[in-house]
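Please read the structure below before turning to the comments.
Bear in mind these aren't lab numbers, they're just calculated from the coordinates by the rules spelled out. What you are looking at is a predicted structure, and each value in this text was computed from that prediction instead of being measured. Because the Cβ atoms are built from the backbone with ideal geometry, glycine has one as well, and the counts that use them run over all protein chains shown.
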Amino acid sequence: MWSNSSSNSFLLTGFPGLEAAHRWISTPFFFAYIFVLFGNGTLLLLIKEDHNLHEPMYYFLAMLAATDLGLTLTTMPTVLRVLWLDQREVRNAACFSQAYFIHSLSFVESGVLLAMAYDRFIAIRDPLRYTSVLTNTRVIKIGLGVLMRGFVSVVPPIMPLYFFPYCHSHILSHSFCLHQDVIKLACADTTFNRLYPVVLVVLIFVLDSLIILVSYVLILKSVLSIASREDRAKAFNTCVSHICCVLVFYVTVIGLSLIHRFGKHVPHIVHLIMSYVYFLFPPLMNPIIYSVKTKQIQSGFLRLFTARIVRV
């Protein structure tokens with residue numbers, strides 16, 4: 001057995017059996033990382049600079065972009081360090097902190113998508129009261145509630161990790177730290193750490209997705225009741241970007257969950273690929289979806305870059 005003192009570390013794993021190709025494998029990850037930083041960073045800059053986008057919908061979009069940036073910055077430097085430099089050692093405290101932020105930010109993203117669904121629900125079901133319902137104060141309260149739920153709910157399973165003894169091994173199965181990976185190595189009663197995350201996933205991911213589904217059923221009902229076909233198309237078009245982001249996020253969450261829960265006989269490489277898809281695909285796609293599907297974002301980009309060129 002080796003104790004869990006601050007001097008102990010875990011070893012991260014890249015792609016077992018493909019170590020010689022790690023630098024080649026890292027190339028698409030690196031470019032995806034750069035695109036995520038550029039896309040979400042530009043989106044945040046645009047919403048900050050363009051006063052036409054100072055509305056609840058875009059405040060929530062800024063929260064989504066910031067969450068995606070946080071999740072990517074939490075994981076990708078570690079991944080690239082493992083794949084490029086073969087620096088696999090990570091201190092216990094750093095590992096547990098990384099796991100905390102990965103899981104917290106995942107729950108925050110789910111909450112932001114739920115808040116965005118509420119925004120679209122009010123905008124279409126009760127447009128005359130939109131500005132009075134979603135005031136800046138209420139948007140701030142919703143944002144703080146989403147952050148509190150995400151960051152506080154993950155504390156109970158993460159805190160015991162600092163006190164568990166670890167004797168099974170010190171090798172993790174990914175290039176980053178996950179709670180479910182760490183508890184497999186603990187020589188202690190991990191019943192709470194195995195059950196609590198399941199309850200948390202149901203209460204957050206499952207419940208959020210069901211509420212979003214119900215809200216869009218009601219939105220669809222309202223859209224279909226609009227007499228003009230042009231107005232119906234316009235109303236529904238305001239929801240398309242959010243629907244795409246919801247599908248991108250929850251499809252990857254469901255896929256990863258199914259692989260982890262029921263894919264014991266699935267090759268380990270599939271588990272690894274699904275994990276990277278989960279951490280990279282939504283942050284990569286969200287700014288693209290909103291840039292392609294939202295005219296206000298497109299116009300904002302043109303105004304932003306035109307202003308920059310004029311200044312130069």
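Details
- Per-residue HN-Hα couplings for region 32-42 [Karplus 6.51, -1.76, 1.60; θ = phi - 60°; Hz; x = Gly/Pro]: 4, 4, 5, 5, 5, 4, 5, x, 6, x, 5
- Across LYS141/LYS293; LYS264/LYS293; LYS141/LYS295; LYS141/LYS234; LYS141/LYS184, pairs whose alpha-carbon gap is larger than 31 Å: LYS264/LYS293; LYS141/LYS184
- Residues whose amide H lies under 5 Å from that of ILE171, counting only those 5 or more places away or on a different chain, are LEU11; hydrogens are built 1.01 Å from N in the peptide plane.
- For a 4.7 Å threshold on C-beta separation, the list of partnerless cysteines in the chain reads CYS239, CYS244, CYS245.
- Here the label points at LEU195 and ASP231, each 7 Å from Cα along the C-beta direction, are separated by 5.4 nm in the simple model.
- Relative contact order computed over region 9-311 (Cα-Cα under 8 Å; 6+ residues apart), in percent: 26
- Nonlocal amide H pairs with GLU89, under 5 Å, H built at 1.01 Å: LEU12
- Helical contribution to [θ] at 222 nm, DSSP H n ≥ 4, -39,500 (n - 2.57), averaged over the chain, rounded to 500: -25000 deg cm²/dmol
- In sequence order, region 202-214 has phi-based couplings of 5, 6, 9, 5, 5, 5, 4, 5, 5, 5, 4, 4, 4 Hz under the Karplus curve 6.51 cos²θ - 1.76 cosθ + 1.60, θ = phi - 60°, and Gly or Pro positions carry x.
- Applying the Kirkwood pairwise sum to the alpha-carbon positions of the chain produces a hydrodynamic radius of 21.2 angstrom.
- Note that region 129-259 shows a convex hull volume over its alpha carbon atoms of 144 Å³ per residue.
- Contour minus Cα-Cα distance for VAL292 and LYS141 (0.36 nm per residue): 51.4 nm
- Radius of gyration and maximum dimension Dmax of region 1-113, Cα, Å: 17.5, 60
- At q = 0.15, 0.20 Å⁻¹, base-10 log of I(q)/I(0) for region 192-312 (Debye sum, equal scatterers on each alpha carbon): -0.89, -1.15
- A cut-off of 5 Å between modelled amide H atoms, ignoring neighbours fewer than 5 places along the same chain, links ALA186 with no other residue.
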